[in-house]
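Engineer: Here it is, the structure in full.
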Amino acid sequence: MVVTPEALGQVVWKARVYKSPTPPKEWVEKTVRSLVRSDPGVAKNPTELLRLVRVEAKKSNYRPIIPPAQVEALLRKK
């Protein structure tokens with residue numbers, strides 16, 4: 001008879017392993033600058049800019065986990 005932790009009612013938590021990393025801060029800054037330079041009107045719509053940055057992150061094999069506050073802070077900085 002084999003007894004596993006699951007059989008005893010204990011849950012074994014496994015650490016998540018992501019295949020792609022989150023984008024570095026510098027990459028996000030560079031991408032935001034590039035997108036705003038190519039279309040200055042996108043700076044007026046932070047939600048659309050965030051969507052575009054996340055699309056670029058996927059294309060660059062990063063996880064598209066970019067907080068909205070980070071993009072908004074970069075827009076305020078300019």
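Engineer: Return the pairs, sorted by first residue and then second, in which the second residue is assigned to a loop (DSSP other than H, G, I, E, B) and of a type in the set (Gly, Ala, Ser), the first residue lies in the range 12-23 and is surrounded by 10 or more Cβ atoms within 10 Å (Cβ to Cβ), the beta carbons are less than 7 Å apart, and the residues are 6+ apart or on different chains.
Structural biologist: none
Engineer: Filter the range 56-72 down to residues that are surrounded by 11 or more Cβ atoms within 10 Å (Cβ to Cβ) and part of a helix (DSSP H, G or I) and give me whichever is nearest to the chain's Cα centre (by Cα).
Structural biologist: Ala57
Engineer: Now for a different question. Under 6 Å by Cβ, and 6 or more places apart or on different chains, what pairs join a residue from the range 53-78 that is without any contact (Cβ under 8 Å) to a residue 12 or more places away in the chain and within 11 Å of Val28 (Cβ to Cβ) with one that is among the basic types (Lys, Arg) and part of a loop (DSSP other than H, G, I, E, B)?
Structural biologist: none
All of the numbers you see were taken from the coordinates with simple rules; none came from a lab. Bear in mind that the values here come from a model prediction, so they are computed numbers and not experimental data. All Cβ positions, even for glycine, are placed from backbone atoms using ideal geometry, and neighbour counts span all protein chains on display.
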